[in-house]
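Enquirer: My questions will all concern the structure given below.
What follows is calculated from the coordinates using simple rules that are stated; it is not laboratory data. Keep in mind the model is a prediction, meaning the values are calculated, not measured. As a convention, Cβ positions derive from the backbone with ideal geometry for all residues, glycine included, and neighbour counts pool all protein chains shown.
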Amino acid sequence: MNRVRWSLLVTGLFAALAWTPGAVHGADDDPCLCRDMVVTCSVKPRSVVQGDPFEVCATVKSVGAVTLEKVRLTIGSCPTAKPQTGAKLSIVIPKLAQGQSHTHCVTFTCAEPGECRITAHAVDATEIASAGCICSAICRGLPALQLEMIDTALDRSAKGIFKKGEEFLYRLSIENDVGTALTPDLRITWTLPPELEFVRGLGERGNTVAGSGQTATSSRFVLRPNQKLIFELTCRVISVPPRALVQARAAVVTDPTGVELAVETESTTLRR
């Protein structure tokens, strides 16, 4: 009998110790609120030539149970690329409710060959919710372009002086000299002095040249390592300057961004 009473007493004591007024679920609990977020980033294009631009976009999304406030989203930088002038690397998003997202993009220019690893990071005002990621771009070095332009008679014979009304050629050769890879898409752009005008143009391997007045542009092309290509531009002398000497300019540019990779000029003598 005494053993039974003692057992009931002990059981009741433990039950009393285990129960407190706030132990009822939901009475006075401090809820543990979820403040989770995720950050992703992307790069387009992933591979660029030195001097070309690429875009980095970072997206932050709220996946927790509460609305995030004053979320700062920051896109980092790297030694081999420079952000576009005036670009904002960091922004503040006033509110992000559960499931909402915000994307911020920054344009960079490839400055040096190599891998560019760029971070994207976000944190809310409480600094409890934070997330980040890393994305990368590959910056390729410039091809080893060799460019040469000469002026000749229409039959391609050497001739150093041209008269008003006469037509002659600018012969331009471009070579991927000792390059190690295929060049990016390229074009040639010509700028003529006001004393000359474009008549027509052509290039090897089916390439074409279109223009008018004092400008002309070739069709798009690429060069394999050690491959060479020749273009011919027919021009007409429409006037003669006081000093008789004029200069034409040819530039190799990337397509479609128009970044200059190489420039060649040629001086021509004009007589009345």
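Enquirer: Average the reciprocal distances over every distinct pair of alpha-carbons in the range 145-271, invert the result, and give the Kirkwood radius in Å.
Expert: In the range 145-271 this quantity evaluates to 14.8 Å.
Enquirer: Over 5 Å intervals from 0, what percent of Cα-Cα pairs in the range 96-151 sits in each interval?
Expert: Pair shares across the bins are 4, 11, 16, 15, 12, 10, 8, 7, 4, 4, 3, 2, 2, 1, 0.
Enquirer: Now, a different point. Return a whole-number percent for the relative contact order of the chain, with Cα pairs under 8 Å and 6 or more residues apart as the contact set.
Expert: Reported as a whole number, the value is 15 percent.
Enquirer: Taking a cut-off of 13 Å between Cα atoms, list the aspartates and glutamates near Lys95, but don't count ones fewer than 8 places away on the same chain.
Expert: Excluding near neighbours in sequence, the set is Glu69, Asp124.
Enquirer: Distance check, please: which entries in Lys44/Lys88; Lys44/Lys82; Lys163/Lys228 exceed 27 angstrom between their Cα atoms?
Expert: Pairs exceeding 27 Å: Lys163/Lys228.
Enquirer: Using Cα springs under 10 Å in a Gaussian network model of the chain, which residue among Gly203, Gly114, Gly86 shows the largest mean-square fluctuation?
Expert: Comparing Gly203, Gly114, Gly86 in the GNM, the peak value goes to Gly86.
Enquirer: Can you list the HN-Hα couplings for the range 227-244, worked out from phi with the Karplus curve (6.51, -1.76, 1.60; θ = phi - 60°), rounded to whole Hz and with x for Gly and Pro?
Expert: The phi angles translate into 8, 10, 9, 10, 10, 10, 10, 8, 10, 10, 7, 10, 7, 10, x, x, 8, 6 Hz.
Enquirer: Normalising by the residue count of the range 93-147, find the relative contact order in percent from Cα pairs under 8 Å and 6+ residues apart. Mind showing how you got there, number by number?
Expert: Values: 46 pairs, mean separation 17.7, N = 55.
Over the range 93-147, the number comes to 32 percent.
Enquirer: If you take all C-alpha pairs in the range 61-134, what percent of them are over 19 Å apart?
Expert: Of all Cα-Cα pairs in the range 61-134, 40 percent lie more than 19 Å apart.
Enquirer: Hey, what do the phi angles of the range 56-70 turn into as Karplus ³J(HN,Hα) couplings, whole Hz, using 6.51/-1.76/1.60 and θ = phi - 60°, x for Gly and Pro?
Expert: Result, rounded to whole Hz: 10, 10, 10, 10, 10, 10, 8, 10, x, 8, 10, 7, 8, 10, 6.
Enquirer: Still on this structure: Just to be sure I understand: with springs between alpha-carbon atoms less than 10 Å apart, which residue in Ser212, Ser130, Ser90 has the highest mean-square fluctuation in the Gaussian network model of the chain?
Expert: The residue that fluctuates most here is Ser212.
Enquirer: Please tell me the relative contact order of the range 37-140 in percent, rounded to the nearest whole number, where contacts are Cα pairs under 8 Å and at least six residues apart.
Expert: Working: 287 pairs, mean separation 39.3, N = 104.
Relative contact order for the range 37-140 comes out at 38 percent.
Enquirer: Among Thr183, Thr59, Thr67, determine the one that fluctuates most according to a GNM of the chain built with springs between C-alpha atoms less than 10 Å apart.
Expert: Of the options given, Thr67 has the highest mean-square fluctuation.
Enquirer: With each label point set 7 Å from Cα along the Cα-Cβ vector, what nm distance links Ser157 and Arg249?
Expert: Simple spin-label model gives 3.4 nm for this pair.
Enquirer: Are there trypsin sites (Lys or Arg not before Pro) in the range 123-203 that DSSP marks as loop and that have at most 12 other Cβ atoms within 10 Å, and which are they?
Expert: Hits after loop and neighbour filter: Arg156.
Enquirer: Can you tell me the orientation of helix 2-18 relative to the chain, as the angle in degrees between its alpha-carbon axis and the longest Cα principal axis, to the nearest 10?
Expert: Taking Cα atoms only, the helix is inclined about 30 degrees.
Enquirer: If the viscosity is 1.306 mPa s and the temperature 10 °C, what Stokes-Einstein diffusion coefficient in µm²/s follows for the range 48-184 when Rh is the Kirkwood radius over Cα pairs?
Expert: My calculation gives 83 µm²/s for D.
Enquirer: So, one more: Can you work out the Karplus-derived ³J(HN,Hα) for every residue in the range 250-259? Use 6.51 cos²θ - 1.76 cosθ + 1.60 with θ = phi - 60°, whole Hz, and x for glycine or proline.
Expert: Result, ordered by residue: 10, 10, 8, 10, 6, 10, x, 6, x, 6 Hz.
Enquirer: Semi-axes, largest first, in whole Å: what does sqrt of 5 times each Cα gyration tensor eigenvalue give for the chain?
Expert: Each semi-axis is the square root of five times an eigenvalue, giving 75, 18, 12 Å.
Enquirer: Next question, about the same structure. For the chain, what does -39500 (n - 2.57) per DSSP helix run (n ≥ 4), summed and divided by total residues, give at 222 nm, in deg cm²/dmol to the nearest 500? Could the numbers behind the result be given before it?
Expert: On the way: 1 runs with 17 residues, N = 272.
Dividing the helical sum by the residues of the chain leaves -2000 deg cm²/dmol.
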